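Structure record follows, encoded as structure tokens.
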Amino acid sequence: MSGARKRAAADAALAELRSGQRLGLGTGSTAAAFLEALAEALASGRLEDLAGVPTSRATEVRARELGIPLIDLPADGVDVAVDGMDEVDGALNAVKGLGGALLREKVVAEAATRFVLIGDDGKTVGRLGERAPLPVEVLAFGVARTEARLRALGLTPTLRGGATEPFLSDNGNPILDAVLPEDADLPALAAALDAIPGVMAHGLFLGMADVAYLASDGDVVRREADA
Ligand code: 5RP
């Protein structure tokens, strides 16, 4: 996805924001484009008195560089969370987590009154898992057992980074990238993953997004979840 498309989706998503709101700030290159758009809107006075909850150390560092005020996640949540995705289907169900921030992203998205996805319309799929693996953040303790539980659900997991130097999330947890079977029942799979004690979070964001801004060359389409 080109930088111009990311920025176009990010600029369009500013329409979801109002001065005085508390925001969830996503992670990844598209979310980084949104930070830049947000910083410019604050600098120009188009938006005022906003504060954001970063979903990763990388987002925290970049937001500080851009002068975006940051807060911890308030007990009563945030008004709007804006984040990228790896895949999105027609109902705005999404796979997230190739950037490794899925646990904090899900905590913040769940705490948001409105959850806004931004990205390239090339990330639109007919079936989640079609192109991207499903990231599953797991506890390092008992990882072999957790991996076996995933296999029993029909998934094919691979430890991100490999066994000698596994990738660790900001929470210090490894991530299993799992290929989904074509006939996966996604709500049932999400519930089954949620019930495995060693699973900290999975990248299925089902029924969470309210709206998506999807950029193609020269155009950004706004799609509502119930449209
Ligand atoms: C990070 C994510 C990202 O939002 C997702 O990977 C998309 O990233 P990018 O905008 O760089 O394509 O879920 O955990």
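When you scan the stretch 133-170, how many residues do you find that are open to solvent by 60 Å² or more (accessible area, probe 1.4 Å) and touching a helix residue (DSSP H, G or I) at 6+ places or on another chain (Cβ under 6 Å)?
1
Find the residue count for the stretch 74-122, including only residues that are aliphatic (A, V, I, L, M) and in a strand (DSSP E or B).
Residues meeting the conditions: 11.
Could you grab me the full set of residues in the stretch 114-132 that are free of Cβ contacts under 8 Å to residues at least 60 places away in the same chain and surrounded by fewer than 19 Cβ atoms within 10 Å (Cβ to Cβ)?
Across the stretch 114-132, the qualifying residues are Val125, Gly126, Arg127, Glu130, Arg131.
Would you mention how many residues in the stretch 109-156 are within 16 Å of the ligand (Cβ to nearest atom) and hydroxyl-bearing (Ser, Thr, Tyr)?
1
Please indicate, with yes or no, whether at least one residue in the stretch 154-170 is touching a Phe, Trp or Tyr at 6+ places or on another chain (Cβ under 7 Å), farther than 18 Å from Ala91 by Cα and either of a type in the set (A, V, I, L, M, F, W, C) or not assigned by TED's automatic domain parsing to the domain that holds Ala81 (or both).
yes
Determine, yes or no, whether Ala195 is surrounded by 13 or more Cβ atoms within 10 Å (Cβ to Cβ), outside the structural domain of Gly100 (by TED's automatic domain parsing) and of a type outside the set (Val, Ile, Thr).
no
Being more than 16 Å from the ligand (Cβ to nearest atom) and either surrounded by 12 or more Cβ atoms within 10 Å (Cβ to Cβ) or under 12 Å from the mean Cα position of the chain (by Cα) (or both) is the filter here; which residues of the stretch 75-89 pass it?
Gly77, Val78, Asp79
The values are calculated or read from the model by the stated rules, or taken from the named source; none is laboratory data. A quick note: this is a predicted structure, and the numbers were derived from the prediction, not measured. For neighbour counting, all protein chains shown are included, and Cβ atoms are generated from backbone atoms with ideal geometry for every residue, glycine included. Heavy atoms of the whole protein, side chains included, go into the accessibility calculation; ligands, DNA and RNA do not. Shrake-Rupley method; radii C 1.70, N 1.55, O 1.52, S 1.80 Å.
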